[in-house]
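Right, one structure below, let's go through it.
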Amino acid sequence: MDYRNYDRGYAEPTMSASDYMTRTYRWMACGLLITFAMAYLTATTSLIYLVDSLYLVLTIAELALVFVLSSRVQTMSVGAARATFFGYALLNGMVLSYYFLVFSASTLIMALLATSLYYGTTTHKDLTGWGPRLMMALVAMIITGFVGMLFGFGFGGSVLYCGIGLVVFMLLTAYDTQKLSQLYSYYAGDSELAEKASIYGALTLYLDFINIFLYVVRLLGMNSRRRN
């Protein structure tokens, strides 16, 4: 969402900052609820066979929805933006259903609690200038992950990779949280744009939450298998 090209002028805010933040976290929470409910439903029903046969299609579809929402949220209606976000959360739940098969319920619950506890903390350090560095780190993680899929990491390499990924997404979460105030300052004068900005903000926080959760799950799972 490119807020730099939007001329906000001197319009009075149509939505308070607290209401904007509440809406953002509410949409994120709704998206997470849809994802985890769909992941559980898929893993415990015959839907898992559909996911198994259409895994690549579903993955491409959810990436397409993220791209559409990120690039066109300003021109979409509020309803379309909300539907796109919830559609992505639904598809992502189906794709992530394998985690409910591979990992135990206790591991998943502990990872969810650990991720939620981190989201309850904040940092007062200004991270607004960290965007380019964090994006470079994210690209490096993606490339490294792809290489690891081809050649394998080994136990030590997997732990290191997950640990670094966890730190990167924890920093991204703090960065994206601080960026929410920038989005509010640009769109507060237009109620429709402010609502769409809250949905876009929910998407970014949702993605951070899911990635932190997955890295924690992998670390806990590796530790559990190591002890066994």
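Details
- Residue in the range 181-201 that is among the acidic types (Asp, Glu) and under 18 Å from the mean Cα position of the chain (by Cα) present: no
- Per-region count, the range 45-60, residues open to solvent by 80 Å² or more (accessible area, probe 1.4 Å), under 13 Å from residue 96 (Cα atoms) and not charged (D, E, K, R): 2
- Every residue from the range 160-190 that is open to solvent by 30 Å² or more (accessible area, probe 1.4 Å) and within 17 Å of residue 211 (Cβ to Cβ): 160, 161, 164, 166, 167, 170, 171, 175, 177, 179
- Flag if residue 214 is surrounded by fewer than 19 Cβ atoms within 10 Å (Cβ to Cβ), modelled with pLDDT of 90 or more and of a type in the set (A, V, I, L, M): yes
The values are calculated or read from the model by the stated rules, or taken from the named source; none is laboratory data. Everything quoted here is computed from the prediction, not taken from an experiment. Here Cβ is always computed from backbone atoms with ideal geometry, including for glycine, and neighbour counts include all displayed protein chains. These area figures cover heavy atoms from the full protein model, side chains too; ligands, DNA and RNA do not enter into them. Shrake-Rupley method; radii C 1.70, N 1.55, O 1.52, S 1.80 Å.
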